[in-house]
Structures are given as C-alpha cells and as structure tokens.
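The values are calculated or read from the model by the stated rules, or taken from the named source; none is laboratory data. These figures come from a predicted structure and were not determined experimentally. Here the Cβ positions follow ideal geometry from the backbone for every residue, glycine too, while neighbour counts run over all protein chains shown. We work out accessible area using only protein heavy atoms, side chains counted, and drop any ligands, DNA or RNA first. Shrake-Rupley method; radii C 1.70, N 1.55, O 1.52, S 1.80 Å.
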Amino acid sequence: VHKTEEKITTEKPNAFWYRVYLAIIVATILVITALWLFSAYFSK
Amino acid sequence: MKILDWIIVAAYLAYVIWDGIRLTKHSQTAEGYFLANRSLPWWAVGLSVMATQLSAITLVGTTGQAYSDGMRFIQFYYGLPLAMIILCLTVVPFFHRAKVYTAYEYLEKRFDVKVLALTSFCFLISRGLGVGVIISAPSIILSIVLGWNLIATIFAIGLSTTIYTVFGGVQAVTWTDVKQMFVIFFGLAVCFIVILSGFPADVSLGDGLRLAGSLGKLNTVDTSFNLKESYTIWSGLIGGLFLMLAYFGCDQSQVQRYLTAKSVDEGRTSLLMSAFLKIPMQFFVLLIGVFVFVFYQFNQPPIIFNSTEYAKAETSAQFQAIQRNYEIAHAERREAAIKFSSESLEFRQNYIEAD
C-alpha cells in the first residue's frame, strides 16, 4: 500500500502535462508545415 | 545469400530466442508474465508501441505505396499526435489505476463475463487474421529470395516469435521489440544509402527529389475537400484521429504495452514519444519508396520482379518482343530523366508548367 501511495504522489502535476500536450501540438503543426514546404520546394 | 548473411540471420534469431527465454525468470507470476510487474521504462514501452505498429507489411507495403502513389499516405498519421494526447488524458490513467491485466478485463468488472468473452473473442479473431497477413506477406518475399517453400518460411518466421513470446511473456516481447526497432532503423538507413549509390554519378540527392517532386511523388499535404481522395489532410486529422483512438485505446496489442509502464507518467511519456517520432519515421519509410521510384528512372526494372515467374516467361517469343520494346522505352525514359536532372531550375519550372 505504501509503495502505491508513493507512486501516486510522485506523478507530475497536470499543469506540467498540459504544457507537454501544447508542445506536442505545436511540434505537430511545425512538422506538417515543414513537410508542406518540402513538397512545395521540390515540386517547383 | 552468402554464408556470412546466413550466420548473421541465424545468430540474431538465436540471440532473440535466448534473450526471451532468459527473461522468463521475471515472468513466473501472472503480473510478471502479462504486465512485466509494471516495471518497464517509458522509452522501452514507446519503442515497443512503435514496433508493434511497424510490421513487415509497413516496410514492404508502405515503400511500395510510395513507389506507385507518392507520399500522400503520410497524411494518414497527422491525427496520431492528437489521438495520443486524448489517450494520455483519458485511457492511460484510467487503465493504469483500474489495475487490470487486459483492456477487456475492465468490461467484466463494469458489465459481466459475457462482455469480456465477446470482446476478447473479437480481438483474437481480428488479431489472428491480421497476424496471418503480417506473417504471410514477408514470407512470400522471403520464400522467393531464399528459394524456400512458402509454408516452411511461414514456420521459420512464426516459430522464433512464438518461442520467446510463450516463454518470456510481455517482458520478452517488449525487449525484443526494442532490439527490432534498432535493427529496423539501421536497415532503413542502409537501404537509403544503397538506393542513393545506385543513382548516376551526376545525379544528386536534390536532383532525385526534384525529379520525384515534378512527377507528383512528394505530395505530403493535400488540402482539397474531395471525398473520393483517400488521403488528404482532413481524412488524416479526422479519420486518422478516430482510427488511432480506437487502435491505441481499445486494442489489447497496444493497451498491454502501456500497462507495463512503471507509472501513469511513464505510460503517457511512452505514447507521446511514439506520437512524436511516428510522422518523421513514416516520412523516412515513404521517402525510401520514392527513391526506389527515382532509382528505377535510371536503372531498368524487370518486367516481372518475381524471378521464378520471369524464368517461366522469358523463353516465349511474345515475351522477348515485349522485352525489346520495354528496353527501348526505358532507355528513352532514362535519357529524359538525366536531361531533366541536369537542366536549370528555370527550365524545369517551364517544363512542369508546359506539362
């Protein structure tokens, strides 16, 4: 029981994860934009 | 295959089986066998999640798709990061805290054993059919390469996997997946270099990309709302999102992976790692298919790739006539491709606009 409680208390707070999710969304938008630019550049 | 190739393949298979059996000492309890005692680090779980999606079909089929259809397929994965975020918010903490062994065990707790049996049955049937295709497709290729009987090839592939899975449980599967991912990354890099080395000396990587782009093979973002178009950014973001939610949230082959993570945080990190790496990795796999296409603009592909079928056909007079016309057509295509690659950017643009 003690170990389980310890695991729960060491989890990162939600605020941390929300920032991670935001970073993933921004990174995905950047990756898609980069792919679009890549296609546009080499299709000229 | 040469003797050294056989030694490498045999040594790798022996190592995988030995390492899987070595891990059986950690898998003597049900929790150890099915959940690896919830002890695996996020990077191992993340690589295992990626390896589970990346079957031999992906390497053979996706490159083949890029060869014939370009890179449009990559849009299918644009919804994946969003799906992973939704799963990290909902399913990952839910399953982890429910302390279940399988995704369907929760249904028994929530409803009854009949629902558990039905969902498990459906999963096993669909997974069994899926694995059948996943093993048979590369077996067809290997049986041609090795000159083996198809059934024997299927057994050779399936047996090693079955041995380490049965003896080592999910722990053996995960660590084998980690090794497989490194082998796959290495193999992809080697394929890329080998293909590039097959280009004519005066055709660079950039020339190859321009040639592929001018032939419509580098279309990574299609914003059209055409419902007849299989792969657009919208089908990827909407259709791909729901497909990935179902696959990663309800399919035991995936749920089992993040149930083995040390904590909810580690489970989340493993999925986000997969979300972060999947699009670049898929891009690279598709790029290899595109480069195979470019390679065959300069090198004549066989009319029939299957050497056994080719040997049957090559003696016929009709086939030889076709072969001669094919060689003439390819020589013209090669000349045009080299000329296009060596021309200025302005010439290429005018050529594409005129075309």
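Quick one: in the stretch B:208-226, which of the residues that are at the interface with chain A (Cβ under 8 Å from one of its Cβ atoms) and assigned to a helix (DSSP H, G or I) is nearest to B:Pro280 (Cα to Cα)? Before the answer, list the steps.
Within the stretch B:208-226, the first condition is being at the interface with chain A (Cβ under 8 Å from one of its Cβ atoms), and the residues that meet it are B:209-210, B:212-214, B:216, B:218-221.
Filter once more, keeping what is assigned to a helix (DSSP H, G or I): B:209-210, B:212-214.
Details: B:Leu209: 17, B:Arg210: 20, B:Ala212: 19, B:Gly213: 18, B:Ser214: 22 Å.
Here the answer is B:Leu209.
Please enumerate the residues belonging to the stretch A:18-44 that are more than 30 Å from B:Gly213 (Cβ to Cβ) and at the interface with chain B (Cβ under 7 Å from one of its Cβ atoms).
Narrowing the stretch A:18-44 to residues more than 30 Å from B:Gly213 (Cβ to Cβ): A:18-23.
Answer for the stretch A:18-44, where residues must be more than 30 Å from B:Gly213 (Cβ to Cβ) and at the interface with chain B (Cβ under 7 Å from one of its Cβ atoms): A:Val20, A:Tyr21.
Counting residues that are hydrophobic (A, V, I, L, M, F, W, C) and more than 25 Å from B:Ser136 (Cα to Cα), which helices (runs of 4 or more DSSP H) fully inside the stretch B:19-77 reach at least 3? Break it down into steps so the answer makes sense when it comes.
On the way: elements: B:30-35, B:42-53, B:63-69.
Because the criterion is at least 3 residues that are hydrophobic (A, V, I, L, M, F, W, C) and more than 25 Å from B:Ser136 (Cα to Cα), the helices (runs of 4 or more DSSP H) in the stretch B:19-77 that meet it are B:30-35, B:42-53.
Let's see how each residue does on (1) more than 11 Å from chain A (Cβ to nearest Cβ); (2) over 22 Å from B:Leu188 (Cα atoms); (3) crowded, with 17+ Cβ neighbours inside 10 Å:
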position: B:Lys228; (1), (2), (3): yes, yes, no
position: B:Ile233; (1), (2), (3): no, yes, yes
position: B:Gly249; (1), (2), (3): yes, yes, yes
position: B:Ser253; (1), (2), (3): yes, yes, yes
position: B:Tyr258; (1), (2), (3): yes, yes, yes
position: B:Thr269; (1), (2), (3): no, yes, yes
position: B:Leu287; (1), (2), (3): no, no, yes
position: B:Val292; (1), (2), (3): yes, no, yes
position: B:Gln297; (1), (2), (3): yes, no, yes
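When you go through (1) over 17 Å from B:Val166 (Cα atoms); (2) within 27 Å of the chain's Cα centre (by Cα); (3) open to solvent by 10 Å² or more (accessible area, probe 1.4 Å) one by one for B:Val49, which number turns out not to apply?
(3)
Among residues belonging to the stretch B:71-116 that are charged (D, E, K, R) and away from chain A (no Cβ under 14 Å), point out the one that is least open to solvent (accessible area, probe 1.4 Å).
B:Glu105
Just wondering, is there one or more residues in the stretch B:319-341 that are under 25 Å from B:Gln171 (Cα atoms), more than 11 Å from chain A (Cβ to nearest Cβ) and either part of a helix (DSSP H, G or I) or in contact with a Lys or Arg (Cβ under 6 Å, 6 or more places away or on another chain) (or both)? Show your work before the answer.
Filtering the stretch B:319-341 for residues under 25 Å from B:Gln171 (Cα atoms) gives none.
No, the conditions are met nowhere in the stretch B:319-341.
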